[in-house]
Amino acid sequence: MSGNIGKVLNVDLYYGLLKEEKPSQEEYNNYLGGYGLAAHRLFKEIPPKAEPLGPKNILAFTTGPLVGTPAITGCRFTVSAKSPLTGTWGDSNCGGFFGPALKQAGYDAIFVKGCADKPIYLYINEGKAELKDAGFLWGLDATETENMLKEKHGKDCQVATIGQAGENLSFISGVMHDGGRAAGRSGLGAVMGSKKLKAVVVRGKLSVPMTNEEEAKKLRQINLEQIKENPKFQLFQKYGSIDHVASSCFSNDSPVKNWAAVGIDEFPNATKISDDAILVYETKKYACWHCPIACGGIYSVKDGKFAVEEAHKPEYETCGMFGNNLLIDDIEAIIKLNDMCNRFGFDTISAAGTIAYAIECYEKGYLTKEETNGLELRWGDAEVVVKLLEMMAKREGIGDLLADGSLKAMHKIGKETEEFAVQVQGQELPAHDPKFGPSWGTYYKVDATPGRHTQIGLVMYEIGAGVPGLTLPEPIERYRYKNKGTYAAKVQNILHAVYSTGVCLFAVQRVNVYAWPEFLNAVTGENYSIDEFEKIGARIATLRQAFNVREGLDVANFKMPGRAYGNPPLTGGPLKDITIDLDTMAKEYYGGQQWDKSGKPTTERLKKLGLDFVVM
Amino acid sequence: MVIHLPPGNEKRKIIISIGNKISLLQVFTYLSNVQEVEIVKEIVENSGRCIEGNYYFILNGSAIDFKTVKTIFVKDDDELYIFSPFVGG
């Protein structure tokens, strides 16, 4: 069981049962951890067509075999369940300290089913798990909840929790950790809220067993030296993801005015919400557990209407979605909005995307002042956005309409506003435009959790780089579509396995890909190769897809919003007249995965991947 | 002509006087050799690339390919943005 503790915890909240289980070595080997392990468990144990907010849905907290080890950025935990936002497979991962702490507390994963009849939290203290009353926490925001639980159980515990948005079953709520880290996407905070599970608290000092810890440490050193040779690495350490807020806006990689405008023309102040303009507010650096990159930061806005005493640094996605997408050029407002989302437990991408939808509806007369409770929804008005977020968290007035994302709101406001709801299957698109990196479009459409920027894969090649160390048989050009889908599947499968070990996207973008099986071999004593990673990743991709097919979803026809692929194209700016060939890429992707035209995995493919238990 | 540089550079904005119409490559060469702007030097030496991908250029609101800088001519009121490769996060 090297690399893993060798135990998972099954929780049934209806009966109040906690049961330890020792997964087989085969399961660890075949699915690793993260959303791989979760896909295996949840496919088998969530019945088809289960209500996402009902007792039969299962909420998984999984780590991975590299979590809590010397592997660079081995700190992620993944939350998975059937998503209430999309009705599909849902997963979302998060950094910070909770992942390693869960293993140190004695478990590789937790699987929660059933719903409690009153608010509770799960407390795990070095192998001893118990359910505790959370009445005193219900109604508190995520940061207050963490602070209170740390006061009660000690500063050395780690907490994953929901804020008011999750309690109120907002479909765009996430699971929060450490005052500003988030497993934000897919609406998994609502699943946690539906179970009345306010928090999971873990503490312990157990060590992760490793076959060759010294070798893992050596690999860490070697790979760190390699990535430090790149002068751009120091820049990323300084800025983190905010390095490219303005670049993305001006190139129109990032959406402007709800994906309909040209950044360089309509948001010339993007530099006011980017890189150095943000760093001014940094009071100290923040690093996730043992992370050498340390791209995070703690922020403070001392006074003014958006004053915040202590908050996490807003990431690129947050700046892009609340900034250029809403035409807000006040960085203090964005720091405040980020903190509000962290506290309420909102996914910043979906929250801002939904607000952009509402503003456009208002602008074009589909929402009246009466319907917005007297608020005038205007582009660039940060104070109104603050108010809207509060109302969404509490489900008050117009906030109730918006709390479940733009698609659900569109169903109520009217089909004629469909164009303004920039989402796939209900999930708002993140701040990367497929017209800039066409393979974003492929992944937004075909991935089992649609609309996700962390499935980055082939985009790394489109910008002229690639996954470090992974050379493809032919060069990838940004706007040449042939074979692109096939390679998108190949690269994504390898990365599915890498992510399922529990490491961070920001390391994946910089560390040689061959290092990940090396780390895993040192830690587990197994003999993984990149080819084996590709096969494991294909298994994970296919199982997540099978989950959606079994739900009866028309996966091949998940509809991409026209604005995101150039239908109609922009009439100016760097992406003028670009329409990407999404159909070709998606069809080829299915071919690359050996799924049929409808997106259904073939029987032969299932057998080859050892997924015989999947009956389609 | 105004040239905007990406984060990490001491100067984020350079203004140069073009005078006669010259090619963008000549501008780059001037910035690299005469003004010794490190990032432009790197761009010229590596044909618009670096380890993290291709630099991205926007001239007067339109994207341009580094391969074409020899044939693009600029004048005083032109504006160029240079972006380091970014893949998001």
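The values are calculated or read from the model by the stated rules, or taken from the named source; none is laboratory data. Note that this is a predicted model, so its numbers are computed, not measured. We place every Cβ from the backbone using ideal geometry, glycine too, and count neighbours over all the protein chains shown. To get the accessible areas, we keep the full protein, side chains included, count just its heavy atoms, and leave off ligands, DNA and RNA. Shrake-Rupley method; radii C 1.70, N 1.55, O 1.52, S 1.80 Å.
May I ask you to list the residues in the stretch A:184-217 that are under 11 Å from A:Thr161 (Cβ atoms) and small (Gly, Ala, Ser)? Can you show your working first?
Going residue by residue through the stretch A:184-217, those that are under 11 Å from A:Thr161 (Cβ atoms) are A:189, A:192-193, A:197-201.
Those that are under 11 Å from A:Thr161 (Cβ atoms) and small (Gly, Ala, Ser): A:Gly189, A:Gly193, A:Ala199.
State all residues of the stretch A:582-616 that are open to solvent by 40 Å² or more (accessible area, probe 1.4 Å), closer than 29 Å to A:Val262 by Cβ and under 26 Å from the mean Cα position of the chain (by Cα); if no residue qualifies, say none.
The one that is open to solvent by 40 Å² or more (accessible area, probe 1.4 Å), closer than 29 Å to A:Val262 by Cβ and under 26 Å from the mean Cα position of the chain (by Cα): A:Asp583.
Regarding the stretch A:487-508, can at least one residue be identified that is within 11 Å of another protein chain (Cβ to nearest Cβ), of a type in the set (Val, Ile, Thr) and part of a helix (DSSP H, G or I)?
Yes, there is a match, as at least one residue in the stretch A:487-508 is within 11 Å of another protein chain (Cβ to nearest Cβ), of a type in the set (Val, Ile, Thr) and part of a helix (DSSP H, G or I).
Cβ-Cβ under 8 Å, sequence separation 6+ or interchain: first residue in the stretch A:572-598 and within 14 Å of chain B (Cβ to nearest Cβ) and of a type outside the set (Phe, Trp, Tyr), partner open to solvent by 60 Å² or more (accessible area, probe 1.4 Å) and part of a loop (DSSP other than H, G, I, E, B). Which pairs?
Short answer, once both residue conditions are applied: A:Asp577/A:Thr571; A:Ile578/A:Tyr479.
Name the residue, out of A:Gln455, A:Gln492, that is buried (at least 24 other Cβ atoms within 10 Å of the Cβ) and at pLDDT below 95.
A:Gln455
Taking only the stretch A:102-146 into account, find how many residues are touching a Gly at 6+ places or on another chain (Cβ under 7 Å), under 28 Å from A:Leu66 (Cβ atoms) and outside any strand (DSSP E or B).
Residues in the stretch A:102-146 being touching a Gly at 6+ places or on another chain (Cβ under 7 Å), under 28 Å from A:Leu66 (Cβ atoms) and outside any strand (DSSP E or B): 9 in total.
Given the structure, is A:Tyr444 surrounded by fewer than 24 Cβ atoms within 10 Å (Cβ to Cβ) and part of a helix (DSSP H, G or I)?
It is false that A:Tyr444 is surrounded by fewer than 24 Cβ atoms within 10 Å (Cβ to Cβ) and part of a helix (DSSP H, G or I).
Considering every residue within the stretch A:531-549, establish whether at least one is away from chain B (no Cβ under 14 Å), outside any helix (DSSP H, G or I) and under 27 Å from B:Glu52 (Cα atoms). Spell out the reasoning first.
So in the stretch A:531-549, the residues away from chain B (no Cβ under 14 Å) come out as A:531-549.
Still in the list and also outside any helix (DSSP H, G or I): none.
No - not one qualifying residue is present in the stretch A:531-549.
Of the residues that make up the stretch B:61-80, is at least one among the β-branched types (Val, Ile, Thr), open to solvent by less than 30 Å² (accessible area, probe 1.4 Å) and either at the interface with chain A (Cβ under 10 Å from one of its Cβ atoms) or more than 12 Å from the chain's Cα centre (by Cα) (or both)?
Scanning the stretch B:61-80, I find no residue that is among the β-branched types (Val, Ile, Thr), open to solvent by less than 30 Å² (accessible area, probe 1.4 Å) and either at the interface with chain A (Cβ under 10 Å from one of its Cβ atoms) or more than 12 Å from the chain's Cα centre (by Cα) (or both), so the answer is no.
Within the stretch B:17-47, which residues are open to solvent by less than 20 Å² (accessible area, probe 1.4 Å) and assigned to a helix (DSSP H, G or I)?
Passing the criteria: B:Leu24, B:Val27, B:Phe28, B:Leu31, B:Ser32, B:Ile39, B:Val40, B:Ile43.
Taking the options A:Gly187, A:Gly163, A:Gly174, name whichever one is more than 14 Å from chain B (Cβ to nearest Cβ), open to solvent by less than 40 Å² (accessible area, probe 1.4 Å) and on the phi > 0 side of the Ramachandran plot.
Just a single option satisfies the conditions, and that option is A:Gly187.
Looking only at strands (runs of 3 or more DSSP E) that lie completely in the stretch A:1-101, which have at least 1 residues being farther than 26 Å from A:Leu609 by Cβ and hydrophobic (A, V, I, L, M, F, W, C)?
A:8-12, A:17-21, A:89-94
Identify, from the list A:Ser241, A:Ser274, the residue that is of a type in the set (Gly, Ala, Ser), under 29 Å from B:Ile51 (Cβ atoms) and over 19 Å from the mean Cα position of the chain (by Cα). Outline the logic, then answer.
Values: A:Ser241 fails: over 19 Å from the mean Cα position of the chain (by Cα).
That would be A:Ser274, the only listed residue that is of a type in the set (Gly, Ala, Ser), under 29 Å from B:Ile51 (Cβ atoms) and over 19 Å from the mean Cα position of the chain (by Cα).
Determine if the stretch A:285-299 includes at least one residue that is open to solvent by 60 Å² or more (accessible area, probe 1.4 Å) and of a type outside the set (Lys, Arg).
Yes.
Looking for something under 23 Å from A:Leu470 (Cβ atoms) and outside any helix (DSSP H, G or I) - is there at least one such residue anywhere in the stretch A:602-611?
yes
May I ask you to list the residues in the stretch A:340-367 that are out of contact with any strand residue (DSSP E or B) (no Cβ under 6 Å at 6 or more places or on another chain), assigned to a loop (DSSP other than H, G, I, E, B) and either hydrophobic (A, V, I, L, M, F, W, C) or open to solvent by less than 60 Å² (accessible area, probe 1.4 Å) (or both)?
Result: A:Asp347, A:Gly365, A:Leu367.
Might you check whether a residue that is within 11 Å of another protein chain (Cβ to nearest Cβ), charged (D, E, K, R) and part of a helix (DSSP H, G or I) occurs anywhere in the stretch A:270-285?
yes
Tell me which residues, restricted to the stretch B:11-38, are over 13 Å from B:Met1 (Cβ atoms) and more than 10 Å from chain A (Cβ to nearest Cβ).
The answer is B:Lys11, B:Leu25, B:Thr29, B:Ser32, B:Asn33, B:Val34, B:Glu36, B:Val37.
So, in the stretch A:286-301, of the ones that are out of contact with any Phe, Trp or Tyr (no Cβ under 9 Å at 6 or more places or on another chain) and assigned to a loop (DSSP other than H, G, I, E, B), which residue ends up farthest from A:Gly179 (Cα to Cα)?
Of everything passing the filter in the stretch A:286-301, A:Pro292 is farthest from A:Gly179 (Cα to Cα).
Please find, among A:Lys597, A:Lys587, the residue that is under 29 Å from A:Ser248 (Cβ atoms) and of a type in the set (Lys, Arg). Break it down stepwise before answering.
Values: A:Lys597 fails: under 29 Å from A:Ser248 (Cβ atoms).
Every option except A:Lys587 fails the conditions.
Can you tell which of A:Met210, A:Met192 is away from chain B (no Cβ under 14 Å) and open to solvent by 30 Å² or more (accessible area, probe 1.4 Å)?
A:Met210
Does A:Val523 count as outside any helix (DSSP H, G or I), away from chain B (no Cβ under 14 Å) and among the β-branched types (Val, Ile, Thr)?
Considered against the rule, which asks whether it is outside any helix (DSSP H, G or I), away from chain B (no Cβ under 14 Å) and among the β-branched types (Val, Ile, Thr), A:Val523 comes out as no.
Scan the stretch A:213-234 for residues that are part of a helix (DSSP H, G or I), within 14 Å of chain B (Cβ to nearest Cβ) and open to solvent by less than 50 Å² (accessible area, probe 1.4 Å) and jot them down.
Taking the stretch A:213-234 first, the residues part of a helix (DSSP H, G or I) are A:213-228, A:231-234.
Narrowing further to those that are within 14 Å of chain B (Cβ to nearest Cβ): A:226-228, A:231-234.
Matches in the stretch A:213-234: A:Ile227, A:Lys232, A:Phe233.
Could you go through the stretch A:279-290 and let me know if any residue there is of a type in the set (Val, Ile, Thr) and closer than 24 Å to A:Gly573 by Cβ.
Just the residues of the stretch A:279-290 that are of a type in the set (Val, Ile, Thr), to begin with: A:280, A:283.
From what's left, closer than 24 Å to A:Gly573 by Cβ: none.
Checking the stretch A:279-290: not a single residue is of a type in the set (Val, Ile, Thr) and closer than 24 Å to A:Gly573 by Cβ.
Checking B:Cys50 against (1) more than 9 Å from every other protein chain (Cβ to nearest Cβ); (2) crowded, with 16+ Cβ neighbours inside 10 Å; (3) of a type in the set (A, V, I, L, M, F, W, C): exactly one of these is not met. Which one?
Single failed check for B:Cys50: (1).
For the stretch A:171-203, how many residues are farther than 20 Å from A:Ile120 by Cβ and not in a strand (DSSP E or B)?
Qualifying residue count for the region: 9.
Find the residue count for the stretch A:555-570, including only residues that are in a loop (DSSP other than H, G, I, E, B), touching a residue at least 12 places away in the same chain (Cβ under 8 Å) and over 22 Å from the mean Cα position of the chain (by Cα). Working first, answer last.
If we filter the stretch A:555-570 for residues that are in a loop (DSSP other than H, G, I, E, B), which is where we start, we get A:558-561, A:566-570.
Subset that is touching a residue at least 12 places away in the same chain (Cβ under 8 Å): A:558-561, A:566-567, A:569-570.
Subsequent filtering for residues that are over 22 Å from the mean Cα position of the chain (by Cα) retains A:566-567, A:569-570.
Of the residues in the stretch A:555-570, 4 are in a loop (DSSP other than H, G, I, E, B), touching a residue at least 12 places away in the same chain (Cβ under 8 Å) and over 22 Å from the mean Cα position of the chain (by Cα).
Is there any pair linking a residue in the stretch A:271-282 that is under 17 Å from A:Asn324 (Cα atoms) to one that is at pLDDT 95 or above and aromatic (Phe, Trp, Tyr), with Cβ under 6 Å and at least six apart or on different chains, and which?
From the stretch A:271-282, the pairs are A:Asp275/A:Tyr239.
Consider the stretch A:251-269. How many of its residues are surrounded by fewer than 24 Cβ atoms within 10 Å (Cβ to Cβ) and either facing another protein chain (nearest Cβ under 10 Å) or not in a helix (DSSP H, G or I) (or both)?
The number of residues fulfilling the criteria is 7.
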